[in-house]
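Visitor: Below are the structure tokens for one structure; questions will follow.
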Amino acid sequence: EIHIKEPIEKEVNPRLLPGELLLCEASTVYKYIQEDGSNRGTYGKLVCTNFKIAFLDDDSASDDNEPQFKNKIIGENDITLQCVDQIYGVYDEKKKLLTGQLRKYPEKLIIYCKDLRVFNFCLRYTKEEEVKRIVSGIIHHSQTPKLLKRLFLFSYASAAPNNTEGRNQTVMFDTLEDWRDELERTKGTVQYKAVTTNEGYRVSEKLPLYFVVPICVSEESILKYEGRGIPIWCWSCHNGAALLKMSSFPKEQDDSTSQTQKAFLDGIYKTISKPPYELLKTDDLSSSLPSLQDIQTAYTRFKQLFLIDNSTDFWATDVKWFSLLESTNWLEIIRRVLKKAIEVVECLERQHTNVLLIEESATDLCCVISSLVQVMMDSYSRTKSGFQSLIQKEWVIGGHGFLDRCNHLHKSDKEEAPVFLLLLNCVWQLVQQYPPAFEFTETYLTVLSDSLYVPIFSTFFFNSQHQKDTNTTGESLKTQSGPFRFLTVWDWSVQFDPKAQAFLNNPLYAEKPKPDKSQRKTARFKHQRQLSLPLTQTKSSPKRGFFREETDHLIKNILGKRIGKFINSSDEPPNSFREFYDSWHSKPVDYHGLLLPRIDGPEIKVWAQRYLRWIPEAQLHGGGMIATAAKILDLMEEVQSLQVKMDEEHSQAISGDIHAVPMLRNSARLSSLFPFALLQRQSVKPALPTSTWKDLEDEDDLVKRDDEFVDLSSDML
């Protein structure tokens with residue numbers, strides 16, 4: 001039985017952005033709603049533009065019942081062309097991957113997205129000509145190789161009025177002053193200098209215009225091998241030790257060239273091993289960490305676990321969840337990367353040794369490790385503006401090849417690797433282990449990962465600063481000619497209104513105490529921070545997972561709860577590492593000092609909000625950490641409203657009626673994966689019970705229990 005809404009009678013047109021063009025469309029397309037496992041859905045129009053694929057039904061035209069966390073650029077039924085992962089067609093109930101030109105057109109279209117959404121469209125009731133146009137149009141515009149200038153980024157930049165790069169306190173590192181300020185902030189000016197040697201990109205197109213090197217490195221050395229073999233400064237520790245990175249020489253060369261390059265490197269090492277520098281430790285990441293190909297393979301397997309077509313498939317895979325998760329190797333890669341970052345931290349913090357990270361291009365795993373080290377050691381990098389400045393410095397200006405690694409142009413699958421996603425997964429581990437230490441939330445990280453595929457921002461759509469600079473000139477629709485003015489992703493007002501942006505900020509962030517406070521007040525503040533440590537963090541129970549641990553184990557199973565996998569360490573850390581690691585974890589946490597993640601066993605978890613947000617079976621009804629966050633946001637709004645009233649009364653202004661408007665109190669029932677998933681439907685029991693269901697037949701009264709909000713009155717710390 002198919003439950004349907006009647007086909008729409010009124011014309012619904014897509015909302016187009018500046019520069020966005022409608023390319024093809026099909027009417028009477030039926031979109032399945034997969035949440036309840038039935039064939040329920042709605043009729044509408046499927047359109048493809050030069051920016052997105054969009055499904056328009058009669059609800060698309062109304063602003064009623066809009067979610068509180070709404071993206072102003074991408075709607076609920078919108079898929080940017082860069083976000084399309086794979087497209088399948090269904091022929092006589094058989095699924096087939098669609099590529100290139102088709103001889104026969106499918107009766108159903110399944111689109112898998114890089115943000116892990118799955119869209120199912122039925123084309124049986126659509127005119128044959130429209131089916132041909134929409135299917136071939138979607139495949140052509142989302143899957144075939146394209147030129148850089150054909151990205152929507154350029155169409156939008158040339159058509160949008162008055163685009164400005166809103167900096168929002170984010171340091172962009174595109175000027176010499178930005179680098180000098182960073183040296184000043186980290187007290188690295190004695191040993192390091194910002195250089196202009198690459199102005200005009202005369203050294204290398206892969207290097208930024210400005211960067212920092214040891215004072216003793218000459219301009220001739222930088223020019224000699226196009227910047228290869230030169231230690232480039234990333235960050236200085238409070239004790240003077242510094243983190244450096246270097247692109248290595250190609251390995252396959254003749255003996256005479258290799259000898260010359262070896263002599264050059266020996267000279268560089270000797271130069272920076274003299275005072276005022278400390279000892280130097282080199283670490284070749286290409287041999288000590290998984291290869292990019294291994295990372296891509298692991299992530300490809302891992303994401304398949306979350307691209308769920310229907311409820312039956314979900315419950316069928318639930319029985320072998322642990323073995324499936326282990327076989328992907330994704331969590332083990334995260335653990336190895338975090339462990340490597342801790343090893344670097346130990347050298348800098350305890351041994352006072354400079355660390356030089358070496359990689360072929362120094363723009364992939366070097367970016368991951370250097371960023372993680374700074375997040376662990378520098379509390380500024382745990383603020384929102386500090387973290388954004390860090391991404392700018394190490395990734396955007398540092399020359400990470402976003403265009404190739406995200407395969408935005410579909411030119412080469414061999415270059416694709418989720419390196420930036422790997423960093424965000426590692427940072428998420430820290431955020432969920434030490435929430436008060438971060439000014440931003442996991443929602444911020446999830447939205448940042450989604451922004452990788454939104455081609456109106458230049459941040460993640462170039463391989464280097466040189467590539468961006470050489471492509472900024474072009475024809476503008478508003479003026480005769482002139483440079484493109486690209487948006488930066490750090491201007492969050494482009495995607496979200498102020499209420500939605502509130503979800504990006506952590507209300508429990510333990511701000512750094514002001515230096516002018518009295519000694520007594522400072523001590524009390526620290527004591528409160530220690531008391532607010534999550535008690536569950538000291539345990540390593542294999543039952544710990546994404547959702548509330550105190551929830552009944554049976555209900556956890558029945559809701560498809562995915563538990564953090566216990567990982568046996570194949571390579572036992574060295575004694576010095578283990579001593580440093582255990583020593584730090586035996587002391588109270590200073591949220592503004594050094595942070596070390598827990599990497600043993602089940603401490604490494606799956607990022608539930610990002611990977612499970614579109615799967616209703618995995619939601620915890622009316623609970624999870626969001627229930628606590630909702631209460632805190634309500635209290636904060638009430639406090640702010642009272643503050644406004646007090647200020648107005650104090651200034652004897654005429655006060656109107658001001659009421660606190662809680663953001664979440666009157667919303668639909670919350671899911672643990674809010675704000676991306678509102679709990680609107682019950683999960684449906686599969687047709688054929690799995691072993692889990694058989695074990696739980698006697699517990700049916702628990703399953704049918706109404707959803708409840710968690711009573712927070714006794715839970716608040």
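The values are calculated or read from the model by the stated rules, or taken from the named source; none is laboratory data. Nothing here was measured: the structure is a model prediction, and the numbers come from that model. Quick reminder, even Gly has a Cβ in these numbers, built from the backbone with ideal geometry, and neighbours come from all protein chains shown. The area values use the complete protein model at the heavy-atom level, side chains included, leaving out ligands, DNA and RNA. Shrake-Rupley method; radii C 1.70, N 1.55, O 1.52, S 1.80 Å.
Visitor: Sort the stretch 270-398 into rounded, prolate or oblate with this rule: let a ≥ b ≥ c be the square roots of the eigenvalues of the Cα gyration tensor; rounded if a/c is under 1.5, and if a/c is not under 1.5, prolate when a/b is larger than b/c, oblate otherwise. Walk me through the numbers on the way to the answer.
Guide: Details: a/c = 2.66, a/b = 2.15, b/c = 1.24.
Cα axes put the stretch 270-398 in the prolate bin.
Visitor: Once the other residues with Cβ under 11 Å from the Cβ of VAL427 are scored (Lys, Arg +1; Asp, Glu -1), what is the net sum?
Guide: With Lys, Arg at +1 and Asp, Glu at -1, the net is 0.
Visitor: Using Cα pairs closer than 8 Å and at least 6 residues apart in sequence, work out the relative contact order for the stretch 22-144, in percent.
Guide: Numbers: 217 pairs, mean separation 35.6, N = 123.
This gives 29 percent for the stretch 22-144.
Visitor: Taking the Cα centre of the stretch 22-144 as origin, sum charge times position over the Cβ atoms of Lys and Arg (+1) and Asp and Glu (-1), and report the length of that vector in debye to the nearest 20.
Guide: Here the size comes out at about 680 debye.
Visitor: Applying a 10 Å radius around every beta-carbon, put 261-270, 127-136 in order of their mean neighbour count, most first.
Guide: 127-136, 261-270
Visitor: Follow-up question, since we're still on this one. Once both labels are modelled 7 Å past Cα along the beta-carbon direction, what's the VAL12-ARG185 spacing in nm?
Guide: Here the modelled spin labels are 4.5 nm apart.
Visitor: Another question, then. With the cut-off at 1.5 for a/c, could you classify the stretch 151-244 from its C-alpha gyration tensor as rounded, prolate or oblate? Display every interim value, and only then the final one.
Guide: Working: a/c = 3.01, a/b = 1.54, b/c = 1.95.
Because a/c hits 1.5 or more and a/b fails to exceed b/c, the stretch 151-244 counts as oblate.
Visitor: Let me ask something else. Taking the Cα centre of the stretch 354-451 as origin, work out the dipole magnitude from +1 charges on Lys and Arg Cβ and -1 charges on Asp and Glu Cβ, in debye rounded to 20.
Guide: The calculation lands at about 220 debye.
Visitor: Let me ask something else. Using the Kirkwood formula over every pair of different C-alpha atoms, what hydrodynamic radius in Å results for the stretch 72-171?
Guide: Hydrodynamic radius (Kirkwood, Cα only) of the stretch 72-171 equals 15.8 Å.
Visitor: Projected onto the charge dipole of the stretch 22-144 (+1 at Lys/Arg Cβ, -1 at Asp/Glu Cβ, origin at the Cα centre), which of LEU116, GLY100, GLN86 gives the Cα projection farthest towards the positive end?
Guide: GLY100
Visitor: Could I ask something else about it? Sorting check: for 193-203, 596-606, which peptide has the highest mean count of neighbouring beta carbons within 10 Å, and how do the rest follow?
Guide: For the peptides 193-203, 596-606, the packing ranking is 596-606, 193-203.
Visitor: Roughly how many nanometres apart are two label points built 7 Å out from the Cα toward the Cβ at ASP590 and ARG103?
Guide: In this crude label model, ASP590 to ARG103 measures out at 7.1 nm.
Visitor: If you wrap the stretch 22-144's Cα atoms in a convex hull and average its projection over all directions, what's the area in nm²?
Guide: Approximately 7.8 nm², given one-decimal rounding.
Visitor: Expected output is a single nm value to one decimal: the length gained when fully extending between THR312 and LYS95, i.e. 0.36 nm times separation in residues minus the C-alpha distance. What is it?
Guide: Taking 0.36 nm per residue and subtracting the Cα distance, the gain is 76.5 nm.
Visitor: Given a 1.4 Å probe, how much area per residue of the stretch 22-144 is accessible, in Å²?
Guide: About 45 Å² of surface per residue is accessible.
Visitor: Same structure again: Could you sort 328-341, 218-231 so that the peptide with the highest average Cβ count within 10 Å comes first and the rest follow in order?
Guide: Output ranking for 328-341, 218-231: 328-341, 218-231.
Visitor: Something else: Taking 30 Å as R0, compute the FRET efficiency from the Cβ-Cβ separation of GLU76 and ASP469 and round it to 0.05.
Guide: For R0 = 30 Å, the calculated efficiency reads 0.25.
Visitor: Here's something else I'd like to know. GLU129 versus GLN304, label points 7 Å from Cα toward the beta carbon: distance in nm?
Guide: 4.1 nm
Visitor: Using 0.36 nm per residue, how much length does the chain from TRP321 to ASP284 gain when fully extended, once their Cα-Cα distance is taken away?
Guide: This chain segment gains 9.8 nm when fully extended.
Visitor: Now a separate question. Apply 1/(1 + (r/R0)^6) to the Cβ-Cβ distance of SER218 and THR257, taking R0 = 22 Å, and write down the FRET efficiency to the nearest 0.05.
Guide: So, using R0 = 22 Å, E works out to roughly 0.55.
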